[in-house]
Amino acid sequence: MNEIEQHRKIKMNNKRVEIEKLEGQNCFACGTANPIGLNLQFYRLDDAVCSDITLGKNYEGWQNMAHGGIVSTLLDEVMSWAVIYFKKSFLVTRKMEVKYVRPVLIETPLTVKGVIVDESSPPKIRAKGEVKDNEGRLLVRSFAEFVLLEKGRLSSVPEELKEGMLSLFEKFE
C-alpha cells in the first residue's frame, strides 16, 4: 500500500457518508415512488456500502421471521450499490449465493453491508454481503457476481434515468 492509499484509508476510518439516490424511481428495493417497496437508504462506511432497516409484518415468511426472498433482495441491493458507488457504473447481477446462518426476525433492527471483493476480471466484479442484527450477530452472508455495463448497453432503460444516474455518479466521493 502506497502513502496515498494509507492516507485515504486513515481518512475513511469509520466515517459515515450518506449516499444520495435518485428520487421518484419505482425500484422495489431502493425506489422512493414504490408504495410497497423497501425504500432503502444507503451510506458508505469505509470500503462498504450499508443500509439499516427494520422489516415489519409485511415482509414476513414464517411467523416472526423475514421472508428469505426479501432478505436476498436486501443483499442484492446493498452489494449492487457498493459496486455502483465505488465503480460509478451501471451493472446487472449475474449470479448470487446466499447462506442463511440464523433466522432474520421481523421488527429487529438490521444492518445490511456490501463490499467489493474482486475486480480482477472486468467487466465482472464480485462482492460479498452480510446481514447482522442490532447485537452484531451474523444472520446471513452472500457472494455475488455483477457485470458492469456501458450506458449504451441499457437499451430498455429510459435516457432520463441513465442521465440521472450519470449525474449521481459525479456526486459520489
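Bear in mind these aren't lab numbers, they're just calculated from the coordinates by the rules spelled out. Remember, it's a predicted structure, so these values are computed and weren't measured experimentally. Please note: Cβ atoms are built from the backbone with ideal geometry, for glycine as well, and neighbour counts cover all protein chains shown.
Can you work out the FRET efficiency for the pair Val17 and Gln63, with r the C-beta to C-beta distance and R0 = 45 Å, to the nearest 0.05?
With R0 = 45 Å, the Cβ-Cβ based efficiency is 0.75.
Applying the Karplus parametrisation 6.51 cos²θ - 1.76 cosθ + 1.60 with θ = phi - 60° to the phi angles of the stretch 158-173, what ³J(HN,Hα) value in whole Hz is obtained for each residue in order, glycine and proline being reported as x?
These are the phi-based 3J(HN,Hα) values: x, 4, 4, 5, 4, 5, x, 5, 4, 5, 5, 3, 5, 8, 5, 5 Hz.
Treating only the Cβ of Lys, Arg, Asp and Glu as charged (+1, +1, -1, -1), what charge dipole size does the chain show about its Cα centre? Round to the nearest 20 debye.
400 debye
So which chymotrypsin sites (Phe, Trp or Tyr not before Pro) in the stretch 38-83 are both in a DSSP loop and have at most 15 other Cβ atoms within 10 Å of their Cβ?
Counting only loop positions with at most 15 other Cβ atoms within 10 Å, the chymotrypsin sites (Phe, Trp or Tyr not before Pro) in the stretch 38-83 are Trp62.
Mind sorting out which of (1) 15.6; (2) 10.8; (3) 9.9 is the real mean projected area of the Cα convex hull in nm² computed from the coordinates?
(2)
Tell me which of Leu75, Phe86, Gly61 sits at the most positive position along the dipole axis of the stretch 60-107, charges placed on C-beta atoms (Lys, Arg +1; Asp, Glu -1).
Going by the Cα projections, it comes out as Phe86.
7 Å from Cα along Cα→Cβ at both Ile36 and Ser155: what's the point-to-point distance in nm?
3.1 nm
FRET efficiency for Ser121 and Asn26, Cβ-Cβ distance as r, R0 = 45 Å, nearest 0.05?
Here the calculated transfer efficiency is 0.90.
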